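K.L.:
Below you'll find the structure I mean.
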Amino acid sequence: MTLRRDDALKALIPLVNDEDIVVAVYQSCFDWLALNPRDLNYVAVGAMGQASSHALGLALANPARRVFVFDGDGSLLMNLGSLVTVAGAGVANFYHFVFANRVYEVNGSHPLPGADTVDFAGMARAAGYAGARSFEDLDGFRGGLPGLLEAPGPQMTVLEIVPGAPYPRDYAYIHSAAARQRFRAALNRPR
Amino acid sequence: MVLATAGKPGAAVAHPRGAEIIARLKTAGVREIVALPDIVTSDGLLWPISRDPELRLTRVCKEDEGVSICAAMSYNGTRAVMLMQQTGLMDSLNVIRAVGVDYELPVVMLVGLQGKEPHLAPEESAAYGVRIIRPVLDAMQLSHSLIEEPSDVDHIPEAIAAAYAASRPHVFLIGRSPEAS
């Protein structure tokens, strides 16, 4: 059983509403931008590991919107305390997805420390997330998605993935002022 | 007003009032405080903030989380302040570089200078970790100002407004422990 990253992202597309915010990082971000370009994609995380913290700020300041985080496993390891911070903040509109490939994929595919043993769902549960689970195959993920999105956050979903199609890594776009302005304009557009 | 004498015979200095700092933050439109406890600002700022129903306090595990939280909040105009010690500021420099400078976002920080002698300027401190703060901020071309005297609190609303107008960070350095009452 394998779960391709792009297949997992494609499964999410119909369940992400126009009003939702998506914070994505690294290869999950590049894949998502290719598969589902939209104004409320937040790509300006800036420093590795900070996706969950940006998403928390967005969730707190925009309580009427759902905030999805497409995090990396190496990224989350850089900011593990954020699991506790997110849980402590009690953000019911926060949906955290960790795309776990167990390597630093865009930095040479070196293994994570503890690659074979670290349990991200267990850590989220212990930190106080409202719910946490892991998926290793597409059918299981598709089946579980509607229910986990109906539950109040913060919710953690760990996807044990393999790479999918090689979508281009457009670093110039994710660091651009245009990307930030596109998000800002959409966020502040009258609803 | 608390008068402190430290280090230098006869050197009595006044301290700012925490209540006045909080009032200026509110005047500036700040309702979101993100914090990691700092002994310089604990009694005079963080404990009162934690009890203030007009402010929402988000406690973080590490300071760079707070910088990112404040930056993200700014996208819809929400004004926030990150409260921390200068050690946390130093630990957060890469995130401040990324979102504050490269991405031009208005992150406002209130930073307690732990170890600074009340009657000395930061650069005159015996503590290396205090002496280097303003030179480091200058090297990063980050706006900063000092809050030591009671009247120093008066510039807070203007500095916050300027940070959000220019979409750039500002660092308030708290050089003397704010008075709690």
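Computed from the coordinates by the stated procedures, all read-outs in this text should not be read as laboratory data. The structure presented is a predicted model; accordingly, all values stated were derived computationally and were not measured. Glycine gets a Cβ as well: all are built from the backbone with ideal geometry, and neighbour counts include every protein chain shown.
K.L.:
Rounding to the nearest 20 debye, state how big the charge dipole of the protein assembly as shown is about its Cα centre with +1 on each Lys and Arg Cβ and -1 on each Asp and Glu Cβ.
P.N.:
Values: 32 positive and 40 negative charges, 117 e Å.
Computed about the Cα centre, the dipole is about 560 debye.
K.L.:
Highest mean first, how do B:107-116, A:50-59, B:53-62 rank when packing is the count of other Cβ atoms within 10 Å averaged over residues?
P.N.:
Working: B:107-116: 25.6, A:50-59: 29.5, B:53-62: 16.6.
In decreasing order of mean packing, B:107-116, A:50-59, B:53-62 become A:50-59, B:107-116, B:53-62.
K.L.:
Take peptide A:57-64, look around each residue's Cβ out to 10 angstrom, count Cβ atoms belonging to other protein chains, and average those counts. Show your work: numbers first, answer last.
P.N.:
On the way: counts 16, 6, 3, 9, 12, 5, 0, 0.
Mean shielding count: 6.
K.L.:
In addition: Would you tell me the mean number of C-beta atoms belonging to other protein chains that fall within 10 Å of each C-beta in B:100-106, as a whole number? Don't skip to the answer; put the middle values down first.
P.N.:
Details: counts 1, 1, 5, 8, 2, 3, 0.
Going residue by residue through B:100-106 and averaging, the value is 3.
K.L.:
Assigning unit charges at the beta carbon (Lys, Arg +1; Asp, Glu -1) and nothing else, what dipole magnitude in debye, to the nearest 20, does the range A:5-187 show about its Cα centre?
P.N.:
On the way: 13 positive and 18 negative charges, 112 e Å.
Charge dipole, the range A:5-187, about its Cα centre: 540 debye, nearest 20.
K.L.:
Let me ask something else. Can you give the direction-averaged projected area of the convex hull of the alpha-carbon atoms in the protein assembly as shown, in nm²? Could you put the intermediate results ahead of the total?
P.N.:
Working: hull surface 75.1 nm².
Result: a mean projected hull area of 18.8 nm².
K.L.:
What are the ³J(HN,Hα) values, in whole Hz, obtained from phi via the Karplus relation 6.51 cos²θ - 1.76 cosθ + 1.60 with θ = phi - 60°, for each residue of the range B:76-85 in sequence order, with x given for Gly and Pro?
P.N.:
10, x, 5, 8, 9, 10, 9, 10, 7, 9
K.L.:
Run lengths n ≥ 4 of DSSP H only: what is the helix-derived mean residue ellipticity at 222 nm for chain B, with -39500 (n - 2.57) per run over all residues, to the nearest 500? Walk me through the numbers before you get to the answer.
P.N.:
Working: 7 runs with 53 residues, N = 181.
After summing the helix terms and dividing by residue count, I get -7500 deg cm²/dmol.
K.L.:
Let me ask you something else. I'd like the FRET efficiency for A:I13 and A:A64, computed as 1/(1 + (r/R0)^6) with the beta carbon distance as r and R0 of 30 Å, rounded to 0.05. Don't skip to the end; give the middle numbers.
P.N.:
Values: r = 22 Å, r/R0 = 0.72.
For R0 = 30 Å, the calculated efficiency reads 0.90.
K.L.:
Determine the shape class of the range B:14-174: with a ≥ b ≥ c the square roots of the Cα gyration tensor eigenvalues, call it rounded for a/c under 1.5, and otherwise prolate if a/b is greater than b/c, oblate otherwise.
P.N.:
Values: a/c = 1.43, a/b = 1.10, b/c = 1.29.
Here the range B:14-174 falls in the rounded category.
K.L.:
Amide H neighbours of A:V69 under 5 Å, at least 5 residues apart or on other chains, H built in the peptide plane: list them.
P.N.:
A:V23, A:Y95, A:H96, A:F97
K.L.:
So what are the ³J(HN,Hα) numbers for the range A:172-188, from phi and the Karplus equation (6.51, -1.76, 1.60; θ = phi - 60°), rounded to whole Hz, Gly and Pro as x?
P.N.:
4, 5, 5, 9, 7, 5, 5, 5, 5, 5, 4, 5, 4, 4, 5, 5, 9
K.L.:
Around B:H144, which amide H atoms from residues at least 5 apart in sequence, or from another chain, sit under 5 Å from its own amide H, with H modelled in the peptide plane?
P.N.:
Sorted by chain and number, the residues that satisfy this are B:V171.
K.L.:
Let me ask something additional. Using only the alpha-carbon atoms, how far is helix B:18-27 inclined from the longest principal axis of chain B? Give it as 0 to 90 degrees, nearest 10.
P.N.:
The answer is roughly 30 degrees.
K.L.:
Apply the a/c threshold of 1.5 to the C-alpha gyration tensor of the range B:87-181 and tell me whether it is rounded, prolate or oblate. Please report the intermediate quantities before stating the final value.
P.N.:
Working: a/c = 2.21, a/b = 1.29, b/c = 1.72.
Because a/c hits 1.5 or more and a/b fails to exceed b/c, the range B:87-181 counts as oblate.
K.L.:
Return the average number of partner chain Cβ atoms within 10 angstrom of each residue Cβ along peptide B:18-25.
P.N.:
Details: counts 0, 0, 0, 0, 0, 0, 0, 0.
Per residue, the number of nearby Cβ atoms from other chains is 0 on average.
K.L.:
Tell me which residues come under 5 Å, amide H to amide H, from B:I174 once H is placed; ignore anything under 5 positions away on its chain.
P.N.:
The list, which skips near neighbours in sequence, is B:V111, B:G112, B:L113, B:I147.
K.L.:
Set the Förster radius R0 to 45 Å, insert the Cβ-Cβ distance between B:S181 and A:N188 as r into 1/(1 + (r/R0)^6), and round the FRET efficiency to 0.05.
P.N.:
Values: r = 40 Å, r/R0 = 0.90.
Approximately 0.65, to the nearest 0.05.
K.L.:
So, one more: Could you work out the local net charge near A:V16, counting Lys and Arg as +1, Asp and Glu as -1, over the other residues with Cβ closer than 13 Å to its Cβ? Working shown, then result.
P.N.:
On the way: positive: A:K10, A:R38, A:R65, A:R66; negative: A:D18, A:E19, A:D20, A:D39.
In short, 0.
K.L.:
Shifting gears a bit: For chain A, how big is Rg over Rh, using alpha carbon atoms and the Kirkwood form of Rh? It would help to have the intermediate numbers written out before the result.
P.N.:
On the way: Rg = 15.2 Å, Rh = 16.4 Å.
With Rh from the inverse mean 1/r over Cα pairs, Rg/Rh is 0.93.
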